[in-house]
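The values are calculated or read from the model by the stated rules, or taken from the named source; none is laboratory data. Computed from a predicted structure; not experimentally measured. All Cβ positions, even for glycine, are placed from backbone atoms using ideal geometry, and neighbour counts span all protein chains on display.
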There are 2 protein chains.
Amino acid sequence: MSKTIVLKQRPDGTPKNNDFEIINENQPSIKSGEILLKAKYVSVDPYLRGRMRDEESYIEPFKINKPIASTVVAEVVESKNEKYKEGDFLTGMLDWKEYQVHTGDNLRNVDGDSISLSAYLGVLGLTGLTAYFGLNRIGEPKKGETLLVSGAAGAVGSIVGQIGKIKGLRVIGIAGSDEKVSLLTDQLGFDAAINYNTTDDMAAAIKEYAPDGVDIYFDNVGSYTLDAAMKNINRFGRVINCGAISLYNETEQPTGPRLETTLVKKSVKMQGFIVRNFEEDFPEGVQQLSKWLKEGKLKHEETIVEGFDSIPQAFIDLFDGKNKGKMVVKIY
Amino acid sequence: MSKTIVLKQRPDGTPKNNDFEIINENQPSIKSGEILLKAKYVSVDPYLRGRMRDEESYIEPFKINKPIASTVVAEVVESKNEKYKEGDFLTGMLDWKEYQVHTGDNLRNVDGDSISLSAYLGVLGLTGLTAYFGLNRIGEPKKGETLLVSGAAGAVGSIVGQIGKIKGLRVIGIAGSDEKVSLLTDQLGFDAAINYNTTDDMAAAIKEYAPDGVDIYFDNVGSYTLDAAMKNINRFGRVINCGAISLYNETEQPTGPRLETTLVKKSVKMQGFIVRNFEEDFPEGVQQLSKWLKEGKLKHEETIVEGFDSIPQAFIDLFDGKNKGKMVVKIY
């Protein structure tokens, strides 16, 4: 038998376990040209929430009663495709299935010799590339500038801050617990970090740690955190809109202070992106991230949850910030 | 005697005539190295509203009981400075005074031989340069794209739309009367224009004229107009935040729908600017604008009000959209 996780219904607000269903299917068999894959590590990511809405976006919505898909590392357990052999590890966009049949197209080989296979879902995967291209291409960092990162202890944020330090920036993180604040300042080299759960006036807290203002704000969160950052943004500041996790479960159109006057007065750029915009430069990004990782300049922080059935809960837990670094589900 | 207009009090909401005072002074005399200037044309601009607030910005606030300043074309009526002679026309940032003494620094000579002197406050001045650099440098227009312009019949907007046509864009304007709509479509070459005063659903109206969406939105207005534009923005769209005239007289922090989710989902850039950011390239801009003007590709639309005492009212009238093109006060 082989389990599959399908979207049972579109979540209303925060996703719940009963929005998903685990169904049992017969283990599939393969034809010539195909491979049989067994999932090893499954990535859960906040952006998947968007695909659960029936709404136009940069990627099509998941369908009801069809499998969810995300980035997965899988092992080839049977191959009738000459490009791949049994025992190969591949990564790419795959269904949430224990076993699945695939042509092998749009997958790439990875190896777990020098680094954990789960790293290909984190620092060496789309997560690391999101941090790398967002900060460098949109943030245009210059040595000595101040970088503020929200969701700083999360998958992308924890890498953004570390790249910021490599680039010679002063880096301030925003995270949701004292434990995460310690992780950022004691282990990941952030200059300062703010626990938003124990901070009443976020704009004042940012000002305290960034008395000269914020040059670059890498936003994973949106909403009030963005507002507070904008109150501290410097002239010619750059806001990198990577995500807005605080808004993903909203059921009404969220409102907030209008930002256009600040944009004009301070010549600020706000720019949203998805990592696939930089797809043709992925090799450059992977090479640089691998180099920093080997040199010990970049630490690979992850939260690993175990067992195929845990995937929905791991996804739901992202919205409570239960992860430190990349949230990954390990499958046996 | 010589009149001066001072800021009597900081406007509360929409500026009123009694926020200004016209005072009479003796005609000043000049010392060695100085010139005596007589104002000929005075520019009134929405951005001046910002300087009337006691608030940090890119330029210092006007002081109470001190003269307002804006861009002016003035005649040299007496010179003790070898750089300038009687009868020269100069332009630059000058006080709202009939006569004023100046060192001549930061002013430049202009001539009215081939074009009206008032053009140096409009298409050949900061207004034209704002349109030119905002559209080109931030908008990054590509032939065949759709450009939406708000405040389209205003000083900057009317030039933006015409440059858009020169660049091969489909251009849609938003303005506040049927007369302005006709000006845009019949005289300035816009492909379509929307009268916001007779349109209930602005987002739907934009969609009607831009069925394939908006690639570039040049925003002079902010607020609801920006919201409607954002509902039609395309993937990789660029929003040029040039001004937010609809918000300049607000006394409370305006709120509206949060835009960060749209920025991320559609990889949209919003970027504010002031024209002085491009100061080192002004010669390029003036040269190009002059060339288009001579070739008849660019029309120079202006609303001329007469008499020094009319300056405050002309400024106030900007917020009611009483101008078509550049609002200029001609002084005798």
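Applying the set (1) touching a Leu at 6+ places or on another chain (Cβ under 8 Å); (2) touching a residue at least 60 places away in the same chain (Cβ under 8 Å); (3) assigned by TED's automatic domain parsing to the domain that holds B:Ile166 to B:Met230 leaves exactly one unmet item: (2). Take the conditions (1) touching a residue at least 40 places away in the same chain (Cβ under 8 Å); (2) farther than 24 Å from B:Glu56 by Cβ; (3) buried (at least 24 other Cβ atoms within 10 Å of the Cβ); A:Gly176 misses just one of them, which is (3). Within the option set B:Ala210, B:Ala244, being in contact (Cβ under 8 Å) with a residue 12 or more places away in the chain, closer than 25 Å to B:Lys167 by Cβ, among the small types (Gly, Ala, Ser) and within 12 Å of another protein chain (Cβ to nearest Cβ) holds for one residue only, B:Ala244.
Quick grid of which residues meet (1) over 13 Å from B:Lys97 (Cα atoms); (2) over 24 Å from the mean Cα position of the chain (by Cα); (3) without any contact (Cβ under 8 Å) to a residue 12 or more places away in the chain:
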| site | (1), (2), (3) |
| --- | --- |
| B:Thr14 | yes, no, no |
| B:Pro28 | no, yes, no |
| B:Lys31 | yes, yes, no |
| B:Val42 | no, no, no |
| B:Leu48 | yes, no, no |
| B:Met52 | yes, no, no |
| B:Pro67 | no, no, no |
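So is B:Thr185 closer than 26 Å to B:Leu121 by Cβ and among the hydroxyl-bearing types (Ser, Thr, Tyr) or not? In short, yes.
Looking at the stretch B:50-89, which of its residues are at positive phi and small (Gly, Ala, Ser)? Explain how you work it out, then say what you get.
Restricting attention to the stretch B:50-89, the residues satisfying the condition of being at positive phi are B:65, B:87.
Scanning the stretch B:50-89 gives a single hit, B:Gly87.
Scanning the stretch B:282-303 for residues being under 25 Å from B:Gly176 (Cα atoms) and more than 14 Å from the chain's Cα centre (by Cα) gives a total of 3.
Quick check: is even one residue across the stretch B:1-21 closer than 30 Å to A:Gly237 by Cα, among the aliphatic types (A, V, I, L, M) and either surrounded by fewer than 15 Cβ atoms within 10 Å (Cβ to Cβ) or modelled with pLDDT of 95 or more (or both)? There is no residue in the stretch B:1-21 that is closer than 30 Å to A:Gly237 by Cα, among the aliphatic types (A, V, I, L, M) and either surrounded by fewer than 15 Cβ atoms within 10 Å (Cβ to Cβ) or modelled with pLDDT of 95 or more (or both). Selection of the stretch A:229-250 for residues being surrounded by 24 or more Cβ atoms within 10 Å (Cβ to Cβ) and more than 21 Å from B:Asn277 (Cβ to Cβ) yields A:Ala229, A:Asn241, A:Cys242, A:Gly243, A:Ala244. Residues of the stretch A:53-70 that are surrounded by 20 or more Cβ atoms within 10 Å (Cβ to Cβ) and under 21 Å from B:Lys266 (Cα atoms): A:Ser70 alone. Apart from one condition, A:Ser32 fits all of (1) small (Gly, Ala, Ser); (2) in contact with a Lys or Arg (Cβ under 6 Å, 6 or more places away or on another chain); (3) surrounded by 14 or more Cβ atoms within 10 Å (Cβ to Cβ); the exception is (3). The stretch B:113-198 holds no strands (runs of 3 or more DSSP E) entirely within its bounds that carry 3 or more residues that are hydroxyl-bearing (Ser, Thr, Tyr).
Take the stretch B:251-271 and flag every residue that is more than 7 Å from chain A (Cβ to nearest Cβ) and either without any contact (Cβ under 8 Å) to a residue 12 or more places away in the chain or among the small types (Gly, Ala, Ser) (or both). Residue satisfying the conditions is B:Glu252 alone. The residue of the stretch A:213-228 that is surrounded by the fewest Cβ atoms within 10 Å (Cβ to Cβ), among those that are of a type in the set (Gly, Ala, Ser) and within 9 Å of chain B (Cβ to nearest Cβ), is A:Ser223. The criterion of at least 3 residues that are within 14 Å of chain B (Cβ to nearest Cβ) and in contact with an Asp or Glu (Cβ under 9 Å, 6 or more places away or on another chain) is met by none of the strands (runs of 3 or more DSSP E) falling completely within the stretch A:19-103. Look at A:Gly307 and say whether it is touching a residue at least 60 places away in the same chain (Cβ under 8 Å) and outside the structural domain of A:Ser246 (by TED's automatic domain parsing). Considered against the rule, which asks whether it is touching a residue at least 60 places away in the same chain (Cβ under 8 Å) and outside the structural domain of A:Ser246 (by TED's automatic domain parsing), A:Gly307 comes out as no.
Being buried (at least 21 other Cβ atoms within 10 Å of the Cβ) and basic (Lys, Arg) is a property that does not hold for B:Arg276. Restricting the stretch A:136-173 to residues that are on the phi > 0 side of the Ramachandran plot and more than 17 Å from the chain's Cα centre (by Cα) leaves a set whose member that is surrounded by the most Cβ atoms within 10 Å (Cβ to Cβ) is A:Glu140.
Just so you know, in the stretch A:272-307 the residues that are out of contact with any Lys or Arg (no Cβ under 6 Å at 6 or more places or on another chain) and β-branched (Val, Ile, Thr) include one that is nearest to the other protein chains (Cβ to nearest Cβ), and it is A:Ile274.
When you scan the stretch B:135-181, how many residues do you find that are touching a helix residue (DSSP H, G or I) at 6+ places or on another chain (Cβ under 7 Å) and not aliphatic (A, V, I, L, M)?
9
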